[in-house]
Amino acid sequence: MAKRILITCTDSMMKQFLEPHVLHLAENGYEVEIACSEVLNRMEEVRKDLGQYVRIHQLSLQRSPLSKKNPKGYKELKELLKENRFDLIWTNEPVMGVMTRLAAKKARKQGTKVLYMVHGFHFYKGAPLLNWLLFYPIERIMASKADCICTINREDYARAQKMNTPKAAYIHGVGIDTERLQPGKNPVKIRKELNISEDSFLILSIGELNENKNQQIIIRAIARLNDRMIHYILCGKGDQREKLECLAKELNMSDQVHFLGYRRDIADICRQCDLFALPSKREGLPLSALEAMYCGLPLINSGIRGLVDITKDGISGFICGTDDERCYAESIQRLKNDPELRKQMGENNRKTAEAFTTGKTKQEILYLIQELLQENHERSMASSSKSKTNIRKAATRTF
């Protein structure tokens with residue numbers, strides 16, 4: 001009989017990261033169901049992609065712990081677990097993770113394994129004190145409510161090992177989709193699209209335009225160099241776009257900073273750029289950087305959790321302090337002046353990225369789940385053997 005797995009997360013997490021793993025588990029003989037909350041209006045996409053392969057449940061849970069919808073979502077989740085017996089529950093994200101573990105209390109007593117995958121604790125080296133005061137105690141308390149805490153960076157893994165959880169595990173993220181990163185049949189000529197010189201030096205950032213991604217420091221670093229041949233391309237949307245546009249205008253760089261919004265031709269754009277920048281203040285494990293590495297780009301990035309797992313100063317590119325404008329400027333200048341160094345770093349990065357591809361991480365997650373279920377089976381067999389021994393002893397005493 002097929003083992004039953006329930007995966008809980010938001011629609012955003014499912015679409016961006018988990019769909020390949022759902023399909024891989026189904027292909028390997030597991031009966032998979034997913035329970036998603038809709039936070040970015042992507043449930044229809046989830047149903048379209050996965051509906052024919054797995055059973056889909058929609059929950060009212062939200063990302064914010066203060067949402068008034070969460071009590072209703074919790075009741076929905078408890079009812080789902082009451083009506084169905086799962087061998088393993090794989091949960092993701094802070095609020096969903098807490099609610100799932102609480103709802104699964106009875107199921108765990110009946111033998112269900114609970115796997116909590118952390119995509120980046122909200123408390124980390126350099127995190128605001130408020131994050132430590134709010135999130136750290138909750139995760140410490142909830143650690144014992146899962147049979148395994150799985151992390152995707154080394155800092156979180158070291159912290160999980162010190163928590164009261166039966167098992168801590170580390171994997172190489174949820175994977176970069178190498179098919180998505182293949183060159184397009186008719187790639188856009190990005191310099192032509194932007195009407196800039198073929199000799200221009202292109203720096204690329206991919207991701208949401210928000211305060212955490214810290215794109216403003218790259219704009220300031222380029223302004224410091226006063227080199228009109230350097231251009232900065234930003235792919236993504238976010239609430240900081242207007243501020244970044246104003247900053248570029250203030251620094252007389254409007255013609256050097258290009259906002260492309262959401263793009264589907266990331267691989268083609270990457271291959272036409274010279275350098276990838278990710279000066280983030282916080283990351284779990286940045287897929288955008290890994291995708292750029294897979295495409296052969298050198299990096300300039302901050303030395304924070306997640307990024308230090310995949311980059312090495314002077315090997316993958318250059319690592320700077322989050323707000324070290326001078327370091328970013330000097331790193332850009334050095335890489336612009338040395339094409340051979342860029343090429344070598346790009347080759348190093350492509351080799352590093354191989355370990356983080358979806359093909360590799362699908363196997364890591366499959367093995368972890370198999371291991372947890374095997375532990376459950378062995379415990380069940382040991383319990384059954386002990387029970388038979390007790391029965392035999394009782395029968396011996398009787399006669």
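Kindly establish whether N28 is open to solvent by 50 Å² or more (accessible area, probe 1.4 Å) and under 20 Å from Y262 (Cα atoms).
Working: open to solvent by 50 Å² or more (accessible area, probe 1.4 Å): yes; under 20 Å from Y262 (Cα atoms): no.
So N28 does not fit the description; no.
Among the residues of region 157-183, just one is over 11 Å from Y116 (Cβ atoms), open to solvent by less than 20 Å² (accessible area, probe 1.4 Å) and more than 13 Å from the chain's Cα centre (by Cα), namely L181. Residues in region 331-355 that are hydroxyl-bearing (S, T, Y) and more than 13 Å from L297 (Cα to Cα): S331 only.
Listed by position, the strands (runs of 3 or more DSSP E) contained in region 230-316 that have at least 2 residues being over 28 Å from N92 (Cα atoms) and of a type in the set (V, I, T) are 230-235. For the subset of region 202-237 comprising residues that are of a type in the set (A, V, I, L, M, F, W, C) and open to solvent by 10 Å² or more (accessible area, probe 1.4 Å), which member is nearest to P298 (Cα to Cα)? Checked region 202-237; the qualifying residue nearest to P298 (Cα to Cα) is I206.
Can you pull out the residues in region 99-122 that are part of a helix (DSSP H, G or I) and open to solvent by 20 Å² or more (accessible area, probe 1.4 Å)? Outline the logic, then answer.
The initial filter retains those residues of region 99-122 that are part of a helix (DSSP H, G or I), namely 99-103, 105-109.
The answer is M99, L102, K105, K106, R108, K109.
Cβ separations smaller than 6 Å between residues 6+ apart or across chains give no pair from region 183-195 residues that are over 14 Å from R263 (Cβ atoms) to residues that are among the acidic types (D, E) and surrounded by 10 or more Cβ atoms within 10 Å (Cβ to Cβ).
Is it the case, given these coordinates, that I266 is among the β-branched types (V, I, T) and either open to solvent by 30 Å² or more (accessible area, probe 1.4 Å) or in contact with a helix residue (DSSP H, G or I) (Cβ under 7 Å, 6 or more places away or on another chain) (or both)? Write out each step before concluding.
Working: among the β-branched types (V, I, T): yes; either open to solvent by 30 Å² or more (accessible area, probe 1.4 Å) or in contact with a helix residue (DSSP H, G or I) (Cβ under 7 Å, 6 or more places away or on another chain) (or both): yes.
Against the criterion (among the β-branched types (V, I, T) and either open to solvent by 30 Å² or more (accessible area, probe 1.4 Å) or in contact with a helix residue (DSSP H, G or I) (Cβ under 7 Å, 6 or more places away or on another chain) (or both)), I266 qualifies.
In this structure, L260 does not satisfy being under 13 Å from I206 (Cα atoms), surrounded by 21 or more Cβ atoms within 10 Å (Cβ to Cβ) and under 24 Å from the mean Cα position of the chain (by Cα). For the condition open to solvent by less than 10 Å² (accessible area, probe 1.4 Å) and without any contact (Cβ under 8 Å) to a residue 60 or more places away in the chain, A277 does not qualify.
What about K125, is it at pLDDT below 95, open to solvent by 30 Å² or more (accessible area, probe 1.4 Å) and either farther than 25 Å from T165 by Cβ or assigned to a loop (DSSP other than H, G, I, E, B) (or both)? Considered against the rule, which asks whether it is at pLDDT below 95, open to solvent by 30 Å² or more (accessible area, probe 1.4 Å) and either farther than 25 Å from T165 by Cβ or assigned to a loop (DSSP other than H, G, I, E, B) (or both), K125 comes out as yes.
Kindly establish whether Q62 is open to solvent by 40 Å² or more (accessible area, probe 1.4 Å), part of a strand (DSSP E or B), touching a residue at least 12 places away in the same chain (Cβ under 8 Å) and not charged (D, E, K, R). No: the conditions fail for Q62. Close Cβ contacts (under 7 Å, 6 or more residues apart or on different chains) running from residues in region 299-325 that are farther than 15 Å from E283 by Cα and buried (at least 17 other Cβ atoms within 10 Å of the Cβ) to residues that are charged (D, E, K, R) and modelled with pLDDT of 95 or more comprise E325/R220; E325/R224. Tell me, please, whether a residue that is in contact (Cβ under 8 Å) with a residue 60 or more places away in the chain and either touching a Lys or Arg at 6+ places or on another chain (Cβ under 7 Å) or more than 30 Å from K3 (Cβ to Cβ) (or both) can be found in region 358-372. Looking for residues that are in contact (Cβ under 8 Å) with a residue 60 or more places away in the chain and either touching a Lys or Arg at 6+ places or on another chain (Cβ under 7 Å) or more than 30 Å from K3 (Cβ to Cβ) (or both), one finds at least one in region 358-372, hence yes.
For region 65-98, residues that are open to solvent by less than 20 Å² (accessible area, probe 1.4 Å) and either on the phi > 0 side of the Ramachandran plot or among the hydroxyl-bearing types (S, T, Y) (or both) total 1.
The values are calculated or read from the model by the stated rules, or taken from the named source; none is laboratory data. Please read these numbers as outputs of a predicted model, since none were measured by experiment. FYI the Cβ positions are ideal-geometry reconstructions off the backbone, even for glycines, and counts take in every protein chain you see. Side chains included, ligands, DNA and RNA excluded: accessible areas come from the protein's heavy atoms. Shrake-Rupley method; radii C 1.70, N 1.55, O 1.52, S 1.80 Å.
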